[in-house]
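This report concerns only the one structure given below.
The values are calculated or read from the model by the stated rules, or taken from the named source; none is laboratory data. On a predicted model such as this, the values are computed, not experimentally measured, just so you know. Neighbour counts run over all protein chains shown; Cβ positions are idealised from the backbone, glycine included. With ligands, DNA and RNA removed, areas are computed over all heavy atoms of the protein, side chains included. Shrake-Rupley method; radii C 1.70, N 1.55, O 1.52, S 1.80 Å.
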Amino acid sequence: MADTSMYRVQTQTRASYSAGAVCIALIILFILLPTFAGRGLIQDLFFIFTMLVLAQFWNLLAGYGGLVSVGQQAFVGMGAYAMFGGVILWGMDPVFAILLGGVAALIVAIPTAFFAFRLQGAYFAIGTWVIAEVMRLLVAQWKVLGGGTGTSLPRTATREMWATEWIQTTFDVRGAAARDILTYWLALALVIATIAGIYWLLRTKRGLALAAVRDNVEAAKSVGVDAVRMKWLVYLVSAAGTGLTGALIYVQKLRISPDAAFSVTDWTAYVIFIVVIGGIGTIEGPILGVLIFFILQSLLADYGSWYLMVLGLIGIAVMLFAPRGLWGLISEKTGLQIFPVRRRLVLTNPKDGSNSIQSDKQREA
């Protein structure tokens, strides 16, 4: 019988250590970017970062939790409208009202989860879309915030937004550019916190339980996993994060309407496309997917409905020829993992202290 002290569980790889150093360098570069980059690049990166956060939370819900939702626009809209309500009704600073958006989305998610969790598979997906539509119709009756036509943030609130005066002085820019820089930094902080938080979660015991629930609910229950609790966890976390992101997006946009805030195309269909082509069930997949989506959008946006048709055809092609997404294909061919979560059994040689990772007969914890 083998000595179990000779083995240990490991998740990190050589590639992940190198990737960590590259990530730190990129973060520093992104922080300093407003010192030399133009306003157009800042706005493009804001779009990429916010869409990436939405994609990561949808991927957490569907790719890791097995809960395929087509109603994430409900939390984008509620988060955005809660932020507008905090600013217009209570005089809050828009930056701090972003937190109100996350709280509002979380509060809304609790009662809706009781309804959604009664449904399975395609019925769950349809149910989340129905919830989003009901919320859109209810918000459209909120006359204080513009009703069906929407409203804009007050000029006094946008002029006096937290830290914008310091940014104007430091970078010698106008108020609108200062707001773009501020929202860019907030989006950067949100994407770092989201990826780091999801990566941490997936490496814990809860991450193992979540994967077990996704693969087979009954089998997970048989080994003591509380499947209901795990579903609640990812649903509420995804809702709160999506609400925060929605509030941040509309701080940058400055104007809101029910149709825009609760748009299934902008906040769910595009996000699903990003995750599917990048690679569902991986952290790297949405990162690759959002870059591809941005490039396609930049190249094809002037072609009207053809743009959406091309996106659909690309999505179908990827699902047929690379079911695990483009990152899944790359990882399969090269073995590259930037954010490894797979647990591997490593043999430690007690004589020379070297490590030997079982490759052919690799075990997963």
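Can you find a residue in region 152-165 that is open to solvent by less than 40 Å² (accessible area, probe 1.4 Å), touching a helix residue (DSSP H, G or I) at 6+ places or on another chain (Cβ under 8 Å) and over 27 Å from GLY91 (Cα atoms)? Checked region 152-165: no residue is open to solvent by less than 40 Å² (accessible area, probe 1.4 Å), touching a helix residue (DSSP H, G or I) at 6+ places or on another chain (Cβ under 8 Å) and over 27 Å from GLY91 (Cα atoms). Assessment of region 278-295 against the conditions (in a helix (DSSP H, G or I) and of a type in the set (S, T, N, Q)) yields no matching residue.
Pick from MET135, MET83: which is more than 15 Å from SER238 (Cα to Cα), out of contact with any strand residue (DSSP E or B) (no Cβ under 6 Å at 6 or more places or on another chain), open to solvent by less than 10 Å² (accessible area, probe 1.4 Å) and in a helix (DSSP H, G or I)?
Result of the check over MET135, MET83: MET83.
GLN337 passes all but one of (1) at pLDDT below 90; (2) buried (at least 16 other Cβ atoms within 10 Å of the Cβ); (3) over 22 Å from GLY20 (Cβ atoms); which number fails? Result: GLN337 fails condition (3) only. Within the group ASP180, ASP259, ASP226, which residue is without any contact (Cβ under 8 Å) to a residue 40 or more places away in the chain and more than 20 Å from TRP58 (Cβ to Cβ)? It is ASP226. Residue pairs whose Cβ atoms lie under 7 Å apart, sitting 6 or more positions apart in sequence or on different chains, and linking a residue in region 26-43 that is within 17 Å of THR169 (Cα to Cα) and modelled with pLDDT under 95 to a partner that is part of a helix (DSSP H, G or I) and among the acidic types (Asp, Glu), are ARG39/ASP180.
One line per residue, one yes/no per condition, for (1) farther than 14 Å from ALA55 by Cα; (2) modelled with pLDDT of 90 or more; (3) crowded, with 17+ Cβ neighbours inside 10 Å:
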position: ILE283; (1), (2), (3): no, yes, yes
position: VAL290; (1), (2), (3): no, yes, yes
position: LEU296; (1), (2), (3): yes, yes, no
position: TYR303; (1), (2), (3): yes, no, no
position: GLY312; (1), (2), (3): yes, no, no
position: MET319; (1), (2), (3): yes, no, no
position: LEU326; (1), (2), (3): yes, yes, yes
